[in-house]
Amino acid sequence: MRRLLAALSALAAAAVLLTAAPTAALAGDPLYPPNPHLWLRADIGAHLSGNVVTQWDDYTPNGHNATMTVAARRPTYVLSALGNNMPAVHFNGSQSLNLLNPASPTQFSIFVVGRNSNTSQSISPIMGPSGLNPNNQLRWEYGSSVLTVGTGNSFPAVSSPVANSSWHVLGLHFNGSTLSFYRNSTFVSSANVSSSGPWVLSSIGAYYSSYFLQGDIAEILIYAYTLNATERTDVQNLLRGKYGLPA
């Protein structure tokens, strides 16, 4: 009986460690560049009811926590979803989370560890708009491309052949005049663009309530400034190593 109670206690402790948010808001991680704007990690900060994600806490002091009040639209939590037995949040094509405090970078470096499972879907949102927020999007398209657009800040629609249906680290970097796309540690394409203000993103896995992600997200990391080449490479390599992804 003592052994059984000890085992149950250990399992309960492990569940708390797995799903609990950081005990104190962090400005970052010493291995990463400082002052991230938003940081959602499936391995830390997911509040669960069974395997359902009720809230996903931002790993920064900025309060970009993600929630969904409609129970049927909450995504699920998957243990050992990808390399190194790392977890992820799964979206089934009708689920999403809303950011209590939208992300709003003007210049940025964004990293997404995820995959798009629906290669026939033209709009498979990673991050997008909600409510009365402007129609700004970061999305996968047809399992082969990634598209960015910002109707709220005159950010033009730009597509890049970054994606497929396998896990990857998606990197986007905008310095005010050039938008560059990376897959894992490999440069894919760039475009000359400009914007008139911040790129406001207020939901995870949805474009309003019209289109939904069918896929998985393990991590979203946003800097509200553009990382230099060394910083960008360091983050890409850290994420690839963490999730066991190729170059």
Once you charge only the Cβ atoms, +1 for Lys and Arg and -1 for Asp and Glu, what is the size of the charge dipole of the range 114-247 about its Cα centre, to the nearest 20 debye? 120 debye
Residues of the range 150-194 with amide N under 14 Å of a point placed 7 Å along Cα→Cβ from residue 78: 165-168
Computed helical MRE - 222 nm, the chain, DSSP H runs ≥ 4 contributing -39500 (n - 2.57), nearest 500: -4500 deg cm²/dmol
Taking the dipole of the chain about the Cα centre (Lys, Arg +1; Asp, Glu -1; charges at Cβ), the one of 131, 90, 220 that reaches farthest to the positive side is 90
At a Förster radius of 25 Å, what calculated FRET efficiency corresponds to the Cβ-Cβ distance of residue 157 and residue 94, to the nearest 0.05? 0.50
Rel. contact order, % - alpha carbon contacts under 8 angstrom, at least six apart, the chain: 23 percent
To the nearest 10 degrees, how steeply does helix 2-19 sit against the main Cα axis of the chain, on a 0 to 90 scale? 10 degrees
Of every Cα-Cα pair in the chain, the percent that sits beyond 27 Å: 30 percent
With only Lys, Arg, Asp and Glu charged, each at its Cβ (+1 for the first two, -1 for the last two), find how big the charge dipole of the range 22-243 is about the Cα centre; round to the nearest 20 debye. 280 debye
Pair residue 178, residue 52: separation of 7 Å Cα→Cβ label points (nm): 4.8 nm
Given the Cα-Cα distance of residue 142 and residue 165 and 0.36 nm per residue of separation, how much length would full extension add, in nm? 7.4 nm
What FRET efficiency comes out for residue 190 versus residue 29 if R0 is 22 angstrom and r is the Cβ-Cβ distance? Round to the nearest 0.05. 0.20
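Read-outs throughout are calculated quantities, based only on the coordinates presented, and are distinct from any laboratory measurement. Model, not experiment: these values are computed from the prediction. Don't worry about glycine lacking a Cβ; one is built from the backbone with ideal geometry, like all the others, and counts go over all protein chains shown.
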